[in-house]
Amino acid sequence: MIRSKLPDVGTTIFTVMSRLAADYKAVNLGQGFPDFDPDPVLMDLVTQAMKAGHNQYPYMPGAAPLRQAIADKVQAVYGHAYDPETEITVTSGATQALMATVLAAVNAGDEVIVIEPCFDSYLPAIRLAGGTAVPVPMRPPTATDPYYRIDWQRVRDAITPKTRLLMLNFPHNPTGAVLGEDDLDALESIVRDTGVLLVSDEVYEHIVFDGRPHNSLSRRPLLAEHAFVISSFGKTYHATGWKVGYCCAPRQLSLELRKVHQFMVFTVTSPMQFALAEYMRNPQPYLELPAFYQAKRDRLMDGLRTTRFKPLPSPGTFFMLADYSAISDKPEADFARWLTEVHGVAVIPLSAFYQRPDAPDSDHGLVRFCFAKRDETLDLALEKLGSI
Ligand SMILES: Cc1ncc(COP(=O)(O)O)c(C=O)c1O
């Protein structure tokens, strides 16, 4: 027998709900992946890269043309110049960037602040590094303010001499919350006072709606100096199964990240990297992404408003929370299961994004819908939900 390093971790709720969706032939609005393919142009570029001989180990931190393309994009969109040679690392999706970052930065006994609800890979990464997660809850919507927000005073209060990292994720999965200029101001003031290091998971950087800009931490020099900024091509180019992402961080931070990265995966699948580098020459696909997903958000939002669900606003990501209190008083996980088995629509309980999913204060009567789906899929789900 081995002594488990992650004794509380079972199969993730995303896998459980996807399996349940398959068993019950339910429409899967649970796990966050598109049910459509990437641009055929991008897929053809992968074939071309293979035929051009890009089939052996690429350079450890990532193929040079891709790191250059990432540097050019970040410079063009957020105005920060990362050196592709020393400050940009291509990773096996954002998940591996997150794990490598936490393993590189966190030592036994360190504290890591996470904002709850939070993406499910953060807590196990902190645990594997020997650190302790310190959850800071987001401020939920109120009658006068419909958005989830960070309570910066609570973040500030949570910082101790043991704090090694503050992990942020905006646009935020699962609430859809985005950062405003005032959030960057508040964060800047915390960083100035405490010097805390930041991990900024920005995988939904190109999915921000209603004409808002994405406030990447790399927009502010002081924040960029203290941050590992992580993104994923899976979300931007509808290719979650390719598992290609990246991390931008100042030289010293990238140096430590790469030490871990090279022994986790050494490097990332070669033809995808060369294809993505070529595809990124054209900014149009990511510039058009907000409008593409905003139409789907509005389709789901308008549809849910005709049902007994009460959708919450979604300013970013491809997720939307909805209140089901008019339908049931079941706990979230039971409700999600019931919805899949009885009504044929799979969703994710919000409680899954809390450190203690079974605790009563992790249950808010909310479930998460993913709208990265074909319009037919969304319409079929809405038809089923409308019958409840
Ligand atoms: C907030 C967040 N971070 C990271 C990831 C993982 O990204 P990747 O598939 O590139 O590993 C996801 C995927 O759902 C996510 O929602």
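The values are calculated or read from the model by the stated rules, or taken from the named source; none is laboratory data. Remember, it's a predicted structure, so these values are computed and weren't measured experimentally. We place every Cβ from the backbone using ideal geometry, glycine too, and count neighbours over all the protein chains shown. Areas reflect the complete protein model, heavy atoms only, side chains present, ligands, DNA and RNA absent. Shrake-Rupley method; radii C 1.70, N 1.55, O 1.52, S 1.80 Å.
Find the centroid of the Cα atoms in region 60-121 and in region 170-237, then give the distance between the two in whole Å.
12
Which one of A94, T15, A125 is farthest out on the positive end of the charge dipole of region 1-125, using unit charges on Cβ (Lys, Arg +1; Asp, Glu -1) and the Cα centre as origin?
The residue sitting farthest along the positive end of the dipole is T15.
How large is the accessible surface per residue of the chain, computed with a 1.4 Å probe and reported in Å² as a whole number?
Accessible area per residue: 43 Å².
Relative contact order for the chain: what is it in percent, counting Cα pairs under 8 Å that are at least 6 residues apart?
25
Assuming 0.36 nm per residue, please report the length gained on full extension of the stretch R305 to S387 beyond their Cα-Cα distance.
My answer for the length gained is 28.2 nm.
How much mean residue ellipticity at 222 nm does the chain get from its helices, if each DSSP H run of length 4 or more adds -39500 (n - 2.57) and you divide by all residues, to the nearest 500 deg cm²/dmol?
-12500 deg cm²/dmol
Using a 1.4 Å probe and ignoring any ligands, DNA or RNA, find the accessible area of V342 and quote it in Å² to the nearest 10.
Looks like 90 Å² after rounding.
Among the listed pairs K162/K235; K330/K384; K235/K330; K235/K384; K235/K296, give every one whose C-alpha distance is greater than 25 Å.
K162/K235; K235/K330; K235/K384
Need one value: the accessible area of S216 in square angstrom, 1.4 angstrom probe, rounded to the nearest 10.
0
Quick one: which of K51/K373; K243/K373; K73/K243 span more than 26 angstrom between C-alpha atoms?
Exceeds cut-off: K51/K373.
Taking every DSSP beta bridge with both residues inside the chain, roughly what % is antiparallel (nearest 5)?
Expressed as a percentage, antiparallel bridges in the chain total about 50.
Modelled label-to-label distance, E341 and E188, 7 Å Cα→beta-carbon offset: nm?
It works out to 5.3 nm between the two label points.
Only Cα pairs under 8 Å and at least 6 apart count here; give the relative contact order of region 241-375 as a rounded whole percent.
20
Can you tell me how region 293-345 classifies by the Cα gyration tensor, rounded, prolate or oblate, using a/c under 1.5 as the rounded cut?
Verdict is prolate for region 293-345.
Carbon and sulfur: what percent of region 279-388's accessible surface (1.4 Å probe)?
On region 279-388, the fraction of accessible area on carbon and sulfur atoms equals 48 percent.
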